[in-house]
Amino acid sequence: MALVATLTQRFQAIQDSMQPESRQPGMVPFGEYLPDQADFNNPGCTDALGVLPDINGFRPFKDLTVTSDALSARARGLGAASDTGGAVSIYAGDQDKLYHLIRNGWVDISKSGGYSGTSTSDSEWQMEAFGQTFIATNFDDPVQSIAIGGTVFADLIDSADTPKARHLGVVREFVVLGNTSDGTDGIKPERVWWSGINDATDFTPAASTQCDFQDIPEGGWVMRIVGGVEYGLIFQERRISRMTYVGSPLVFRIDAIDRKRGTPISGSVIGHGRNVFFISEEGFMVTNGQNTTPIGDNRVDRFFWDQFDTQYISRVSAAIDPLNKLVMWAFPGTGNSAGTPNKILIYSWGTNRWSRVDKDLEILGRSVDPGYTLDGLDDVSTDLDALAFSLDSRAWTGGDFQLAAFDTSHKYGTFVGSNLAAVIETSEFEQEGQNSQIDRVRPLVDGTSATITAALATRDTQNEQSSFGTAIDDEANGDVSVSSEGRYHKVQVNIAAGGTWTRAQGVQVFSTVTGFV
């Protein structure tokens, strides 16, 4: 009897070993967005659409809320500045006009006769504040200026030399122009030309004023100038130089800090503090004025160049969101309409992670909260005595940085709307190198009111194409009932637009190993 019992136990063990193994739910985290890497065993996730990067997943991205009337044509420039009293002025430009935002309406404050840009021109407005003067340049017209809060733009330069310029920066006490054209030397795309010290109106070279220019023949066209209180950075197509003030007679010493990398995309260059982000021919980069570091290599560089419609290279724009430690690039990608930017890539320097957004817009930029005018206080209270602060309080003057954009109807807005629809896909995974059956998944999305669905993509070999099945709603307990058997699996989590949620961390997967096939 003992022998029979032993044989019975062994037979049962063999049968048990042939049965599918039940698995406890496994956590598949939403790692960083890595579209340039293979789906299988990708250490991050293969899509992160409509979201912001977070240290342990993703957060929602808010939609653009339009707050103004329309410009006359496509927006080609956006800037903002504050006067000494803290009052904010927001400016914009299109092909032949410059505007000031008064409450919610754009007022044409162009110089008499307007400007010479056309709908087919690729020129864009670049804007900078120099003390209490706001300056704008587009290369087609004389450099423009206005006192911050003033009523009309006028030609900035009143000296004998009056260069035009594609690019503009403020370095210490100088206005610096790049990629210039003047009546004597003509078009000089490799030239940088700085004003007299503390005098933005004087561009006639002289030792007494320290005004001068320098040509940098090595590196191609000057593509951007990023200013600073200590030094400036000059971006050419294939070189980055630092311009350091040394005083008379040299005034500025210009030293190359990178002789290989520059940028072919002028609108991609955006600075924040000592760091300047840009797109080189190699991909996304950041420089601190001394070293250049890749930030998109094996992550998003190939995705960008595969998507980017290079015939509309002048339409790329960039902006900084300092509160969330983000830099964003809007560009015309696959499926764009006549060059309209339709995609945004987002990099978080705080977490060193990426994400993306699909959004049609004309230009992306950093603006400033304009605060309230006296008339605008009616929106708060019609009783002045009931206001929480006195009329001269800084509480009404605004001044906080805002991420802003123009939509395709030429209207200005900020990204304070409801949450966009989100799509996050895990990497492709397998269970112990065997086939497995997935019956349930549980999206780990922290929210109070969000419509969530999930879908599976399954394949047996790496030679097969992988595609997601029907997205299924989550149940009351947060699970999504699915059914798919195969070797390789991916999970797609969808969060509907307008839902209230705070963070998406990953997916719990309930699976059973079914053995080798």
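Of the listed requirements (1) under 30 Å from residue 105 (Cβ atoms); (2) open to solvent by less than 30 Å² (accessible area, probe 1.4 Å), residue 402 misses just one: (2).
Specify which of the listed residues (157, 102, 109) is open to solvent by less than 20 Å² (accessible area, probe 1.4 Å) and out of contact with any helix residue (DSSP H, G or I) (no Cβ under 6 Å at 6 or more places or on another chain).
Working: 157 fails: open to solvent by less than 20 Å² (accessible area, probe 1.4 Å); 102 fails: open to solvent by less than 20 Å² (accessible area, probe 1.4 Å).
Exactly one residue qualifies, and that residue is 109.
Residue under question is residue 146, and the condition is that it be of a type outside the set (D, E, K, R), touching a Leu at 6+ places or on another chain (Cβ under 7 Å) and either open to solvent by 20 Å² or more (accessible area, probe 1.4 Å) or under 20 Å from residue 370 (Cβ atoms) (or both); does it hold? Judged against the criteria, residue 146 is not a match.
From the set of residues in the stretch 34-64 that are part of a strand (DSSP E or B) and hydrophobic (A, V, I, L, M, F, W, C), which is nearest to residue 459 (Cα to Cα)? Before you say what the answer is, go through the steps one by one.
Looking only at the stretch 34-64, we keep the residues that are part of a strand (DSSP E or B), and these are 40, 45-49, 51-54, 57-60, 62.
The next check asks that each one be hydrophobic (A, V, I, L, M, F, W, C); those that pass are 40, 45, 48-49, 51-52, 58.
Values: 40: 11, 45: 18, 48: 22, 49: 23, 51: 27, 52: 30, 58: 27 Å.
Taking the candidates together, the pick is 40.
Count of the stretch 205-216 residues, restricted to those that are under 19 Å from residue 186 (Cβ atoms), open to solvent by 40 Å² or more (accessible area, probe 1.4 Å) and assigned to a loop (DSSP other than H, G, I, E, B), is 1.
Exactly one residue out of 477, 463 is within 16 Å of residue 440 (Cβ to Cβ), more than 34 Å from the chain's Cα centre (by Cα) and outside any strand (DSSP E or B): that is 477.
So which residues in the stretch 343-362 are small (Gly, Ala, Ser) and assigned to a loop (DSSP other than H, G, I, E, B), if there are any at all? Before you say what the answer is, go through the steps one by one.
Start the filter on the stretch 343-362 by keeping residues that are small (Gly, Ala, Ser), which leaves 348, 350, 355.
The answer is 350, and nothing else.
Tell me, yes or no, whether the stretch 417-424 has at least one residue that is under 25 Å from residue 299 (Cβ atoms) and part of a loop (DSSP other than H, G, I, E, B). Checked the stretch 417-424: at least one residue is under 25 Å from residue 299 (Cβ atoms) and part of a loop (DSSP other than H, G, I, E, B).
Could you please find all residues in the stretch 82-97 being open to solvent by 20 Å² or more (accessible area, probe 1.4 Å) and not charged (D, E, K, R)? Break it down into steps so the answer makes sense when it comes.
Here is the first cut: in the stretch 82-97, the residues open to solvent by 20 Å² or more (accessible area, probe 1.4 Å) are 82-85, 87-88, 95-97.
Those that are open to solvent by 20 Å² or more (accessible area, probe 1.4 Å) and not charged (D, E, K, R): 82, 84, 85, 87, 88, 95.
For residue 280, the criteria (1) open to solvent by 40 Å² or more (accessible area, probe 1.4 Å); (2) in contact with a Lys or Arg (Cβ under 7 Å, 6 or more places away or on another chain); (3) under 24 Å from residue 76 (Cα atoms) hold in every case but one, which is (1).
Consider the stretch 183-197 and keep the residues that are in contact with a strand residue (DSSP E or B) (Cβ under 8 Å, 6 or more places away or on another chain) and under 14 Å from residue 159 (Cα atoms). The one that is surrounded by the most Cβ atoms within 10 Å (Cβ to Cβ) is 194.
Scanning the stretch 440-460 for residues that are touching a Phe, Trp or Tyr at 6+ places or on another chain (Cβ under 7 Å) and surrounded by fewer than 20 Cβ atoms within 10 Å (Cβ to Cβ) yields a count of 4.
Within the stretch 498-517, being open to solvent by 70 Å² or more (accessible area, probe 1.4 Å) and either modelled with pLDDT of 90 or more or of a type in the set (Phe, Trp, Tyr) (or both) holds for 500, 502, 503, 505, 516. All told, residue 261 falls short of being in a strand (DSSP E or B) and either modelled with pLDDT under 95 or open to solvent by 40 Å² or more (accessible area, probe 1.4 Å) (or both). Apart from one condition, residue 67 fits all of (1) of a type in the set (S, T, N, Q); (2) part of a strand (DSSP E or B); (3) open to solvent by less than 50 Å² (accessible area, probe 1.4 Å); the exception is (3). If I ask for residues that are touching an Asp or Glu at 6+ places or on another chain (Cβ under 6 Å) and among the charged types (D, E, K, R), which ones from the stretch 57-78 would you list? Across the stretch 57-78, the qualifying residues are 74, 76.
The values are calculated or read from the model by the stated rules, or taken from the named source; none is laboratory data. Computed from a prediction, not measured in an experiment: that's the story for all the values here. Methodologically, a virtual Cβ is constructed for each residue, glycine included, from the backbone with ideal geometry; neighbour enumeration extends over all protein chains shown. In case anyone asks, the SASA skips ligands and DNA or RNA and just uses the protein heavy atoms, side chains included. Shrake-Rupley method; radii C 1.70, N 1.55, O 1.52, S 1.80 Å.
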